[in-house]
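Structure first, commentary second.
The values are calculated or read from the model by the stated rules, or taken from the named source; none is laboratory data. What you see is a predicted model; the values in this text were computed from it and never measured. Every residue, glycine as well, gets a Cβ built from its backbone with ideal geometry; the counts of neighbours run over all protein chains shown.
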Amino acid sequence: MLTLDSTIGELYRTPIGRDLADKMLLQAGLPQSTLTNPLVSHMKIRSAAKLLPGKIDPSLFDAILSLVNREPETVTPSKAPVKPAWWKEAVFYQIYPRSFCDSNGDGIGDIPGIISRLDYLKDLGVDALWLSPVYDSPNDDNGYDIRDYRAILAEFGTMEDFDRLLAEVHARGMRLIMDLVINHTSDEHAWFREALDDPSSPRRNYYFLKPGTPDAPPNNWGSFFSGPAWRYFPEEGLWGLHLFSKKQMDLNWEDDGLRREVLDMIRWWLEKGVDGFRMDVINYISKDPGLPAGDPTVAGLIGFCGVEHYIYGPRLHEFLKQIRREAFDPYGAFSVGECPGLGMNMSRMVTAEERKELDMVFSFDHLETPGHGKYDDYEYDLNWYRDHILQWIENYGTNCRLSLFFNNHDNPRMVSKVSRNKALHPYIAKLLAVLQLTLPGTPFIYQGDEMGLSNYEFTSLDQITDVEAKGFIAENRARMSEAEMLRILNAGTREHTRVLLPGGGQLPPWHAGVTQQTPDPEVEESYRFLLKLRRSSKVFPYGTFELISDKKNAFVYRRSLNGKSYVIECNLAAEPRKPLYKPKKSRLVFDSQPLHTGDLGPYHAQIWEE
Ligand code: TEU
Ligand code: CA
């Protein structure tokens, strides 16, 4: 039990304290040595609170201590060989249905479109598909606001189309996982309508509906899409909690009946034969009882108020175990939880095999370098990625499994973040592919990565349709020019990864004026080769990892299994440099810049078979 009289060092040595402190250092742009230096680490927490007057509200430490003290358990990284599983051998490919392939010319990707591209995906060499939501939805957040969990969005097709998709995926020996959005539903979901309309309905307790007056929301929490996390329903005199858009109402997982209905729904999809789920913001489902006020210092650092009360809530483990036991395990379903805010140790607590919660998580701490937020226009230093992923690899053990990704539908493309110089983008795309497909873990490719896509250049705010961007625009319109908002959104908007893929059809009217990109055949060839190489042995999914060099701008490592080994050498920067790996009898099996002679070129990657 830590108290205000414990030291900063003691706090930093607890797994959860370490995660929380690392997160704050990352946001503040400070190195880990800030807290490990002896002067600071011997200091009492209480005195540290006084050290930075004005900057830190003393209640911050209460918030941290309560999270740390609540978690008595730890995970020991296992050194045993990795236990085999299909999802450890698989390479996943994420499809954002709206922008993948449009079969009927309405500008909206759809399920028949996906079916028409299955041969391409099979031939590319991916093993499993993750479909972003295809459920019926009013589309306030492109399907992440579900109106009916058991129906398909009309724009995407019908349930027959879905059944055909699943059968066609399976017929090709691939697997399909669905997006499971169970932290919230649309305000148009029947449960919510009933909860709002009928005070005596047991479903009233399925949401966070609190009586009150329009001037006083129940607490100070903020929404991820700007403004407060509470919406007032004047007719009923009720406040409703929504961590995301005003039309995405948070579900109250404390309610046993709600959990039963959600589990029924999950089993309904598993009965159909889907192979598992990517679980949307699943670490947010347990909220601190009483919904206490958010800490101002945390809000200042993270940008959102209240997060400490739900990113790692008191019943999270219990709820995850229940879902696994009562729905996933009976069907052998796979799960990857989207867990924004969870650091390395918290992620281990929800993924360690012996704990029977999730199979993997998506954590996001690698997507920005220290001190940077999603809307910052800066160049991402891949040296930082190397140091970050090395810590995870070293501490994860073989009982936890890393997910490997650089892109998804919520972020701009990583190649554009690494360098503003477009001429370098194909090199960076290949380098990221090599890292993603050879580091230990399970890769998740995002649609278009294999085409070498980078960011678009939006020339008008009208081209940016995403609800997060709309929130940003509404919030800033009064104090920023259109040009300024456009500059910021061009750096960080999710729209970049939501434009209809090249070859997927004509761009819809709202993307009029957006210049479509041309797929890069060399990047695609590299993906094909790397996916084949990965399939040709078990070295990459299961092999050991040995760091050879992490000198500046270098990432050199060996992957080995049963006497077979590969060495991967990456140049993490634009400046050419001498190779560090000295091949003896090894054979160069992949070279991202085969025509380059002499030193390694910019962002060059090579794979040697020993
Ligand atoms: O994203 C969760 C999440 O934390 C987002 O706020 C994310 O940080 C943001 O998109 C970054 O710009 C999931 C989904 O992936 C996202 O598409 C949804 O909008 C969100 O949940 C709500 O369901
Ligand atoms: Ca369509």
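Things to note:
- Residue that is surrounded by the most Cβ atoms within 10 Å (Cβ to Cβ), among those in segment 454-480 that are of a type in the set (D, E) and within 16 Å of ligand 1 (Cβ to nearest atom): E468
- Residue ID - nearest to ligand 2 (Cβ to nearest atom), chosen from residues in segment 391-401 that are in a loop (DSSP other than H, G, I, E, B) and crowded, with 19+ Cβ neighbours inside 10 Å: R401
- Single match in L129, L121, L166 (criterion: part of a strand (DSSP E or B) and farther than 25 Å from L243 by Cα): L129
- For I114: the one exception among (1) within 14 Å of ligand 2 (Cβ to nearest atom); (2) part of a loop (DSSP other than H, G, I, E, B): (2)
- A single member of D377, D365 is within 16 Å of ligand 1 (Cβ to nearest atom) and crowded, with 17+ Cβ neighbours inside 10 Å, and it is D365.
- Top-ranked residue of segment 70-103 - restricted to ones that are among the basic types (K, R) and assigned to a helix (DSSP H, G or I), ranked as nearest to ligand 1 (Cβ to nearest atom): R98
- A single member of L65, L60 is within 30 Å of D359 (Cα to Cα) and either among the aliphatic types (A, V, I, L, M) or away from ligand 2 (no atom under 16 Å from the Cβ) (or both), and it is L65.
- Taking residues in segment 104-128 that are within 16 Å of ligand 1 (Cβ to nearest atom), and partners anywhere that are assigned to a helix (DSSP H, G or I) and not small (G, A, S), the pairs with Cβ atoms closer than 8 Å and at least 6 places apart or on different chains are G109/P97; G109/R98; G109/F156.
- Hey, V91 away from ligand 2 (no atom under 16 Å from the Cβ), of a type in the set (V, I, T), within 19 Å of R175 (Cα to Cα) and crowded, with 19+ Cβ neighbours inside 10 Å or not: yes
- For the residues K210, K246, the requirement of being at pLDDT 95 or above, buried (at least 16 other Cβ atoms within 10 Å of the Cβ), of a type in the set (D, E, K, R) and not in a helix (DSSP H, G or I) singles out K246.
- Residue under evaluation R203, criteria (1) part of a helix (DSSP H, G or I); (2) within 16 Å of ligand 1 (Cβ to nearest atom), criterion not met: (2)
- Within segment 1-55, restricting attention to residues that are within 24 Å of D376 (Cβ to Cβ) and of a type in the set (S, T, Y), the residue that is surrounded by the most Cβ atoms within 10 Å (Cβ to Cβ) is T34.
- Those residues of segment 117-144 which are under 17 Å from the mean Cα position of the chain (by Cα), surrounded by fewer than 22 Cβ atoms within 10 Å (Cβ to Cβ) and either within 16 Å of ligand 2 (Cβ to nearest atom) or hydroxyl-bearing (S, T, Y) (or both), in sequence order: N142
- Counting only strands (runs of 3 or more DSSP E) that sit wholly inside segment 549-596, those with at least 2 residues that are modelled with pLDDT of 95 or more and touching a Pro at 6+ places or on another chain (Cβ under 9 Å) are 554-561, 564-571.
- All of (1) over 30 Å from M451 (Cα atoms); (2) of a type in the set (A, V, I, L, M); (3) within 16 Å of ligand 1 (Cβ to nearest atom) hold for V134 with one exception: (1).
Yes or no, residue by residue, for (1) within 29 Å of R324 (Cα to Cα); (2) crowded, with 21+ Cβ neighbours inside 10 Å:
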position	(1), (2)
I111	yes, yes
I146	yes, yes
L153	yes, yes
V169	yes, yes
P199	no, no
R204	yes, no
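- Any hit, segment 66-86, residues being surrounded by 19 or more Cβ atoms within 10 Å (Cβ to Cβ) and small (G, A, S): no
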